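Worksheet: one structure, shown below.
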Amino acid sequence: MFKKVLGYTGKYRKTTYLSAFVMFFGLVANVTPFLLVYQIIKPLLMKEPLSLHTALLYASGIALCGILHAVLYIKGLDLSHKSAYNTLKNLRISLQKKLEAQPLGAIQIKGTGALKKTFVDDIESIELLLAHALPEGLANLAVPALIFIGMFIVDWKLALLCLAALPVGILCMGVMYGIGMREMKNWYAAADKMNNTIVEYVNGMDVVKVFGRDGESYKRFEGDVKGYRDFTFAWYKACWPWMALYASILPCTALFALPIGAGLVHSGVSTLPDLALVLCMAFSVGPLFLKAMTFMSTIPQINHKIAELEKTLNTPPLVQTGKPFSGKGHSIAFEDVRFAYDEAEVLHGVSFRAPEGSLVALVGESGSGKSTLAKLLVHFYDVTGGAVRLGGQDVRDMSVEALNDEISFVAQEQFLFNISLLENIRLGKLDATDEEVLAAAEKAQCNEFLSRLEKGIHTLAGDGGKQLSGGERQRISLARAILKNAPVIVLDEATAFMDPENEEKMNDAIAELIENKTVIVIAHRLRSIVEADVIAVLDGGNLAAAGRHKELLSSCEAYQRLWNAHERSAAWSVNAEGGNI
Ligand SMILES: Nc1ncnc2c1ncn2[C@@H]1O[C@H](COP(=O)(O)OP(=O)(O)OP(=O)(O)O)[C@@H](O)[C@H]1O
Ligand SMILES: [Mg+2]
């Protein structure tokens with residue numbers, strides 16, 4: 001584990017080593033006063049003269065050691081934290097890059113709460129390892145080890161007596177470790193569950209408010225929070241007695257050394273100064289050893305967190321090469337495309353083409369797989385079978401960035417970052433001037449609602465764009481696409497939230513946007529796509545037919561069903577407006 005984590009430190013690895021080195025000398029300064037105390041005690045025991053001047057000299061030495069220890073400890077902490085926090089920063093950035101390259105499904109399956117935990121808590125645990133457990137822990141082990149060697153040199157019998165309580169303390173620690181290891185996985189599972197449920201609960205607060213607290217969501221929230229409390233409490237309770245025992249026993253180096261050592265001195269096997277020296281040395285190592293053991297006890301936890309982090313880091317990324325886009329033109333081809341979000345396949349071998357410059361409409365009942373096809377084209381996921389090609393080049397045979405440059409995607413669900421609306425639109429083309437952004441916003445019919453906002457286009461979008469209505473979010477998203485002006489446009493229900501008046505204006509903007517481009521449009525309102533060059537009809541994840549409106553109306557049963565349903569609902573709206581209902 002240490003090796004793995006040191007691998008993350010990169011150029012700061014040396015800083016970590018240096019911090020351990022500095023802390024080691026800090027601890028040497030910390031234990032030296034015990035030897036100076038011995039120098040004062042020894043003449044007293046041996047009834048030898050000790051001048052005040054010499055005693056004061058030793059006392060000054062003790063004070064100096066205290067200062068030196070403090071200075072070196074601060075320097076060591078400074079170095080170890082410099083390395084630790086830079087490593088955390090690098091890890092978070094590399095995790096973000098890895099996540100970006102993973103299929104959306106792999107990210108969604110983890111859950112926002114668990115991912116937040118990985119980004120914040122799991123990575124933070126490396127701070128404990130790099131800034132404390134490793135340098136401080138090592139120093140706290142190395143210095144006692146040296147002192148024990150010294151004790152053996154002075155009198156091996158007394159040294160052994162000092163170590164006699166050690167096995168009992170280590171045994172207690174081992175029991176605590178065992179309990180910790182056994183329950184840790186379950187504890188993390190409970191924590192992940194609670195994290196995800198809390199995030200879900202907060203995101204679904206509006207539903208909770210409408211449907212009351214008796215709903216499933218609140219019950220799960222309450223259940224998971226209580227479950228976490230009960231589990232943690234029971235776990236800690238099982239550990240505490242063993243923790244208290246080892247914390248008491250480990251520093252007890254004088255437990256046997258003092259009474260038996262006194263016997264040895266009486267019987268002439270050991271000398272009094274040696275006993276005093278060994279005891280002074282033994283008193284100095286107790287706290288150090290305990291501290292080292294406390295760091296050791298955190299290692300299984302850190303180990304688990306690092307394993308979780310690595311799982312996220314090592315999730316297979318999307319299949320992509322680093323190649324640029326080199327397709328011939330911008331025709332789109334779905335070739336026997338199969339796809340499953342999880343076990344259940346939702347696309348069962350869909351094949352059709354959108355020639356360069358054509359307008360292809362995807363229609364089908366809700367859940368038939370229209371949005372999924374669009375997401376496969378923009379390579380949010382890897383197909384599980386077949387291929388998606390742009391200009392003849394497989395979307396997996398280019399970098400995701402290269403593909404992104406060729407396609408503007410206005411998704412069904414809009415997400416806006418909590419930055420100004422102006423900056424949200426500018427995401428379409430990062431080097432666009434303010435004037436270009438404003439022009440795109442105007443074309444996407446944003447001005448109507450922007451003029452109502454106090455700060456206009458400089459208004460913050462709110463978390464996830466929640467400050468805007470669905471239709472307003474869509475128009476911002478369309479403005480982004482207009483600004484991007486990519487050769488391929490994918491519109492997933494781009495006007496679904498529009499009122500008739502705005503929809504007409506928006507359709508004008510879309511007509512201008514899609515001119516001379518290869519366009520895939522998904523629409524429930526079939527009247528808006530009767531002029532499409534190709535209408536691809538999806539039915540339960542299969543392509544029922546592809547052709548022009550008139551052909552399909554006479555030959556495709558699934559299309560006839562959709563069209564009739566659409567006509568009926570259109571007639572219903574007309575009647576409703578006429579006051580007949
Ligand atoms: N993230 C997801 N995880 C698992 N299954 C999903 C996910 N998104 C969609 N599905 C499933 O895949 C199928 C196709 O969904 P898709 O969103 O492509 O339908 P759609 O035709 O766009 O529907 P709509 O017209 O309602 O937007 C559905 O059965 C849906 O339940
Ligand atoms: Mg959809």
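The values are calculated or read from the model by the stated rules, or taken from the named source; none is laboratory data. For clarity, every value in this text was computed on a predicted model and none was experimentally measured. Ideal geometry is used to build each Cβ from the backbone, glycine not excepted, and the neighbour counts take in all protein chains shown.
Scan the stretch 314-342 residue by residue and report those that are among the hydrophobic types (A, V, I, L, M, F, W, C) and surrounded by fewer than 15 Cβ atoms within 10 Å (Cβ to Cβ).
Of the residues in the stretch 314-342, the ones among the hydrophobic types (A, V, I, L, M, F, W, C) are 318-319, 325, 332-334, 337, 339-340.
Within the stretch 314-342, V319 is the sole residue that qualifies.
Are any residues in the stretch 333-363 β-branched (V, I, T) and either in contact with a Gly (Cβ under 7 Å, 6 or more places away or on another chain) or not assigned by TED's automatic domain parsing to the domain that holds S399 (or both), and if so, which ones? Show your work before the answer.
Going residue by residue through the stretch 333-363, those that are β-branched (V, I, T) are 337, 346, 350, 360, 363.
Once the filter is applied, which keeps residues that are β-branched (V, I, T) and either in contact with a Gly (Cβ under 7 Å, 6 or more places away or on another chain) or not assigned by TED's automatic domain parsing to the domain that holds S399 (or both), the stretch 333-363 yields V337, V346.
Could you tell me which residue of the stretch 118-137 is modelled with the highest pLDDT, considering only residues that are over 19 Å from L72 (Cα atoms), among the charged types (D, E, K, R) and in contact with a helix residue (DSSP H, G or I) (Cβ under 6 Å, 6 or more places away or on another chain)?
E127
State whether one or more residues within the stretch 382-394 are within 16 Å of ligand 2 (Cβ to nearest atom) and not aliphatic (A, V, I, L, M).
Our first condition is that a residue be within 16 Å of ligand 2 (Cβ to nearest atom); within the stretch 382-394, this holds for none.
For the stretch 382-394, residues within 16 Å of ligand 2 (Cβ to nearest atom) and not aliphatic (A, V, I, L, M): absent.
Suppose we filter the stretch 391-403 for residues that are under 26 Å from the mean Cα position of the chain (by Cα) and modelled with pLDDT of 90 or more; how many remain?
In the first step, residues of the stretch 391-403 are kept if they are under 26 Å from the mean Cα position of the chain (by Cα); the result is 396, 399-403.
Still in the running and modelled with pLDDT of 90 or more: 396, 399, 402-403.
Residues flagged as under 26 Å from the mean Cα position of the chain (by Cα) and modelled with pLDDT of 90 or more within the stretch 391-403 amount to 4.
Looking at (1) without any contact (Cβ under 8 Å) to a residue 40 or more places away in the chain; (2) touching a strand residue (DSSP E or B) at 6+ places or on another chain (Cβ under 8 Å); (3) surrounded by 18 or more Cβ atoms within 10 Å (Cβ to Cβ); (4) of a type outside the set (D, E), which one does H458 not meet, given that it meets all the others?
So the condition that H458 fails would be (3).
Any idea which residue in the stretch 353-380 is nearest to ligand 2 (Cβ to nearest atom), counting only those that are under 16 Å from P103 (Cβ atoms) and either acidic (D, E) or touching a strand residue (DSSP E or B) at 6+ places or on another chain (Cβ under 7 Å) (or both)?
To start, the set of residues in the stretch 353-380 that are under 16 Å from P103 (Cβ atoms) comprises 371-380.
This time we only want the ones that are either acidic (D, E) or touching a strand residue (DSSP E or B) at 6+ places or on another chain (Cβ under 7 Å) (or both), so: 371-374, 376-378.
Working: S371: 3, T372: 8, L373: 9, A374: 8, L376: 13, L377: 13, V378: 14 Å.
This residue is S371.
Tally up the residues in the stretch 511-528 that are of a type in the set (K, R) and not in a helix (DSSP H, G or I), please. Write out each step before concluding.
Going through the stretch 511-528, the residues of a type in the set (K, R) turn out to be 517, 525, 527.
Imposing the further condition that a residue be not in a helix (DSSP H, G or I) reduces the set to 517, 525.
Residues flagged as of a type in the set (K, R) and not in a helix (DSSP H, G or I) within the stretch 511-528 amount to 2.
Return a yes/no flag: does the stretch 72-94 have any residue that is under 30 Å from Y341 (Cβ atoms) and in contact (Cβ under 8 Å) with a residue 60 or more places away in the chain.
yes
Those residues that are more than 22 Å from M1 (Cβ to Cβ), aliphatic (A, V, I, L, M) and surrounded by 17 or more Cβ atoms within 10 Å (Cβ to Cβ), I need them from the stretch 107-125; list them, please.
Here is the first cut: in the stretch 107-125, the residues more than 22 Å from M1 (Cβ to Cβ) are 107-113, 115-116.
Restricting the remaining residues to those that are aliphatic (A, V, I, L, M) gives 107, 109, 115.
The answer is L115, and nothing else.
Listed here are the residues, each with its yes/no results for (1) assigned to a strand (DSSP E or B); (2) touching a Lys or Arg at 6+ places or on another chain (Cβ under 7 Å); (3) away from ligand 1 (no atom under 14 Å from the Cβ); (4) within 16 Å of V521 (Cβ to Cβ).
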residue: V337; (1), (2), (3), (4): yes, no, no, no
residue: V388; (1), (2), (3), (4): yes, no, yes, no
residue: E401; (1), (2), (3), (4): no, no, yes, no
residue: S408; (1), (2), (3), (4): yes, yes, yes, yes
residue: F415; (1), (2), (3), (4): no, no, yes, no
residue: K429; (1), (2), (3), (4): no, yes, yes, no
residue: A432; (1), (2), (3), (4): no, yes, yes, no
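Just checking, how many residues over the stretch 261-291 are of a type in the set (A, V, I, L, M, F, W, C) and surrounded by fewer than 16 Cβ atoms within 10 Å (Cβ to Cβ)? Explain how you work it out, then say what you get.
Step one: filter the stretch 261-291 for residues of a type in the set (A, V, I, L, M, F, W, C), giving 262, 264-265, 269, 272, 275-283, 285, 288-290.
Still in the running and surrounded by fewer than 16 Cβ atoms within 10 Å (Cβ to Cβ): 262, 269, 272.
The number of residues fulfilling the criteria is 3.
Considering only residues that are within 35 Å of the chain's Cα centre (by Cα) and more than 16 Å from ligand 2 (Cβ to nearest atom), which ones fall in the stretch 338-352? Talk me through it step by step, then tell me what you get.
Step one: of the stretch 338-352, the residues within 35 Å of the chain's Cα centre (by Cα) are 338-350.
Residues satisfying the conditions are R338, A340, D342, E343, A344, E345, H348, G349.
Kindly list, by first and then second residue, each pair from a residue in the stretch 360-381 that is near ligand 1 (Cβ under 9 Å from one of its atoms) to a residue that is outside any loop (DSSP other than H, G, I, E, B) and of a type in the set (D, E), limited to pairs with Cβ atoms under 8 Å and residues at least 6 apart or on different chains.
Every condition considered, the pairs that remain are G364/D539; E365/D539; S368/D539; K370/D492; S371/D492; A374/D492.
If E493 satisfies every condition in (1) within 16 Å of ligand 1 (Cβ to nearest atom); (2) at pLDDT 90 or above; (3) within 23 Å of L390 (Cβ to Cβ) but one, which is the exception?
For E493, the failing item is (2).
Just to be sure, is V225 loosely packed, with under 13 Cβ neighbours inside 10 Å, within 21 Å of L115 (Cβ to Cβ), under 23 Å from the mean Cα position of the chain (by Cα) and modelled with pLDDT of 80 or more? Show your work before the answer.
Details: loosely packed, with under 13 Cβ neighbours inside 10 Å: no; within 21 Å of L115 (Cβ to Cβ): yes; under 23 Å from the mean Cα position of the chain (by Cα): yes; modelled with pLDDT of 80 or more: yes.
In short, no.
Restricting the search to the stretch 530-557, which residues are under 39 Å from the mean Cα position of the chain (by Cα) and of a type in the set (D, E)?
D539
When you scan the stretch 294-315, do you find a residue that is touching a His at 6+ places or on another chain (Cβ under 9 Å), more than 16 Å from ligand 1 (Cβ to nearest atom) and of a type in the set (F, W, Y), even just one?
Initial filter on the stretch 294-315 (touching a His at 6+ places or on another chain (Cβ under 9 Å)): 295, 298.
Now drop any that are not more than 16 Å from ligand 1 (Cβ to nearest atom), which leaves 295, 298.
So of that shortlist, the ones also of a type in the set (F, W, Y) come out as 295.
The answer is yes, given that some residue of the stretch 294-315 is touching a His at 6+ places or on another chain (Cβ under 9 Å), more than 16 Å from ligand 1 (Cβ to nearest atom) and of a type in the set (F, W, Y).
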